[in-house]
Structure formats: structure tokens, C-alpha cells
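Taking it in order: structure first as C-alpha cells, then the write-up.
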Amino acid sequence: MLDTKYDNTSADTLLVAFGVCTFRRPALSNALKSLLAQTLIQDRKCCIIVADNDDTPSAEALTRQIADEFPTIPVHYVHAPARNISIARNALLKRAAELGADFIAVMDDDEVASQDWARLLLNEITTSGADAVLGPVTAVYRPDAPDWMKNARLHDISPVIQPDGRIITGYTSNVILRLDSAHLRGRWFDHAFGTSGGEDDVYFHGMVRDGGKIGFASSAIVYEDVPQNREQLKDLLRRYFRAGQTHGLISRPDTRFRRIMAFFNAAAKAAALLAWAGLNIFAPGRRTRSLMRASLHLGVCWQILGGKMFVIYGSKPRIGTQSPRGD
């Protein structure tokens, strides 16, 4: 059942949307099937929204096929071109609002959700009063991936929890959002970060800065396959360098003196981590993790010096092109 809408006028109706952004990934089929198998569907009204970020509507046929094969809940397809992930993320938020959804639970198109994923996220966000709740992403490695990489769990994702218990930024690979939150209403993903990545860091950092709260549901797991090309060191270093660039931008000090201090602080951390990596040259897990963290701090340094953001998808838009409409 494709693009069927609910009558969500009743005050007692709770609608939970499941959102997936996609770009030319056949694995979308497995992601959608895992959403259609969610236990939450048994006692809550749910729907699925697919936002296709390709230039052409390449995922529409697959989405329609899954919707026809599994008419359990309505499936909505949105074409959200092109090659700027912020456009697709905003399309999810916009369609969810149009449908009258109360919450939207989001994961990536190369992930598979555990059956209780949505239920656990919903339980946490409704009981904690948080504006957003994150869940962990567990990497699934190829059988012939290096044993040290499997043991080091370098591709697992979970939030960084501050000493005071706060989570000050988030990610979109496993999260649920409270759509009526005063801290989220009217907040969109910035197009300026839609080709470089980091749009989720900026989004959640801004939400927390303005008084929002992020929670964590440790059992709401999604699983993500790690292809061989992402096992390479250069890919890990590039991702962490980009994350450092984003961190450097959103936490950029407001005076020249503070920027200088921040630069030398990040440079010192990078140097210490590189030295530690050298000392662990025969322990590949510890060595690689140290190199990844060093790359993050070098990304901070690069951003403080005014270096350009990495471009991952398409061409880089002008800074400040955040859409007020979410399109």
C-alpha cells in the first residue's frame, strides 16, 4: 500500500513514522523489510517514509514493490533530489509533519533494525521526556574481515555521554525525534553540510544548545553491514577528519586568542595520539583507534585554519543555504 494516508484527527491517535533516506542502494529492501517486521506495528499506528536523494526516482520501483508485497502499513515515497543528504532528511521531516506523525524513528538504508527497535526508542522518548533518543549501531563485518578489526569494533556507533550524563550531539543512523518538541519545531538540516556530511552533528548540537535534551536507548539496536572499502584505514581517517571539521566549525571560538588556544590544544592531542599509535604499531586495534582520534583533532585544526570542508556527494552548496521549508 503506497502513499496511503491516515486519518490522524483523533486526540487519542499516536502515529509513529519510520524514516529512511536512500541513494542507489539495493540494500534498501532489507531495511524496509526490517521496518515492516517491527513489533510496534502490532499496537501502534505506524507508517514508513522513504526519501530518495537520487537525481532520478531510482528507488521508487523498489519501494513500490516492497509496499505491494508487504501491505502491513502504509509506505510513502518522496523524491528528494539531488545528492545532498540534508534535502532528503528534511523531506522526511516535512512528510512526517504532513501526515500528522507524533514521532519519527530514522535509520540508514544499509541498516537492519532489530524487531523491538522502534518500540524501545518510543518507550524511552515517552518516559524520559527527551526531544530525541539515540540507539546504538552495531557493525556487521564480512567473514574474511581482519580479526583485529572485528574485535576492536571500530565501526560501531554510540553517543558520547558527558561526565554530567548529558549527550550534546547526535546522529541520524539510529534516532527517534519528538516532532511536537519546541526545540525541534521549525528546525531543519542545513543544506551547507549535505555534501560534506556533519549535517546531523550541526542539527543536534543546535537543538541541545537551544535547550533540547537527547536520551539513549541502549537496547534499540540497528545492524549495519561494513563493506570491504569501508574497512580501509583511509576511509576511517577521512570520516574522522570530516567529523573533526564539523566539530571545529560548530564550536569555533569567538575570539582570535581562543581560536589560537583551541588550535594548539587540538594539535597537542593529535600529536599525543600519533605518538601512542606509534607505540602500538604491533597492536592494530589500538593503533588504528589512536589514528582515527588523531585524524579528528587534525580536522579541528584544519577547520580553525579556515580549510575547506570535504565534499562527499555532488557539488558543495553555498554556506547558509538551510531551507526554511525543509525542501
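Laboratory data are not the source of any read-out in this text; all were calculated from the coordinates shown. Because the structure is predicted, anything quoted here is derived from the model rather than measured. Methodologically, a virtual Cβ is constructed for each residue, glycine included, from the backbone with ideal geometry; neighbour enumeration extends over all protein chains shown.
For the range 70-88, indicate whether the set of residues that are crowded, with 24+ Cβ neighbours inside 10 Å, touching a residue at least 40 places away in the same chain (Cβ under 8 Å) and under 14 Å from A17 (Cα atoms) is non-empty.
Checked the range 70-88: at least one residue is crowded, with 24+ Cβ neighbours inside 10 Å, touching a residue at least 40 places away in the same chain (Cβ under 8 Å) and under 14 Å from A17 (Cα atoms).
List every residue pair whose Cβ atoms lie under 6 Å apart, where the two residues are 6 or more positions apart in sequence or sit on different chains, the first residue falls within the range 163-175 and is under 30 Å from L35 (Cβ atoms), and the second residue, located anywhere, is surrounded by fewer than 18 Cβ atoms within 10 Å (Cβ to Cβ).
These pairs meet every condition: I167/I161.
Of all residues in the range 178-202 being acidic (D, E) and within 17 Å of L92 (Cβ to Cβ), which is surrounded by the fewest Cβ atoms within 10 Å (Cβ to Cβ)?
Once the filter is applied, the top-ranked residue is D180.
Name the residue that is nearest to T195 (Cα to Cα), counting only residues in the range 58-69 that are in contact with a Phe, Trp or Tyr (Cβ under 8 Å, 6 or more places away or on another chain) and without any contact (Cβ under 8 Å) to a residue 40 or more places away in the chain.
By that ranking, first place goes to A59.
Looking at (1) touching a His at 6+ places or on another chain (Cβ under 8 Å); (2) surrounded by fewer than 18 Cβ atoms within 10 Å (Cβ to Cβ), which is the only condition D43 fails?
(1)
Go through the residues of the range 203-212 one by one and say whether even a single one is hydroxyl-bearing (S, T, Y) and either touching a His at 6+ places or on another chain (Cβ under 8 Å) or surrounded by fewer than 17 Cβ atoms within 10 Å (Cβ to Cβ) (or both).
Checked the range 203-212: no residue is hydroxyl-bearing (S, T, Y) and either touching a His at 6+ places or on another chain (Cβ under 8 Å) or surrounded by fewer than 17 Cβ atoms within 10 Å (Cβ to Cβ) (or both).
Assess whether V50 counts as being surrounded by 16 or more Cβ atoms within 10 Å (Cβ to Cβ) and closer than 12 Å to G19 by Cα.
yes
Out of A182, A220, I need the residue that is more than 18 Å from the chain's Cα centre (by Cα) and assigned to a loop (DSSP other than H, G, I, E, B). Which one?
A182
Any idea which residue in the range 137-151 is surrounded by the most Cβ atoms within 10 Å (Cβ to Cβ), counting only those that are outside any helix (DSSP H, G or I) and out of contact with any strand residue (DSSP E or B) (no Cβ under 8 Å at 6 or more places or on another chain)?
P146
Suppose the filter is surrounded by fewer than 16 Cβ atoms within 10 Å (Cβ to Cβ) and closer than 17 Å to Y203 by Cβ; does A130 pass it?
No.
Any residue at all in the range 105-120 that is within 11 Å of the chain's Cα centre (by Cα), under 16 Å from A220 (Cβ atoms) and surrounded by fewer than 21 Cβ atoms within 10 Å (Cβ to Cβ)?
Within the range 105-120 (the criterion being within 11 Å of the chain's Cα centre (by Cα), under 16 Å from A220 (Cβ atoms) and surrounded by fewer than 21 Cβ atoms within 10 Å (Cβ to Cβ)), the answer is yes, since at least one residue qualifies.
Which members of the range 240-263 meet the condition of being part of a helix (DSSP H, G or I), free of Cβ contacts under 8 Å to residues at least 40 places away in the same chain and out of contact with any Pro (no Cβ under 8 Å at 6 or more places or on another chain)?
R256, F257, R258, I260
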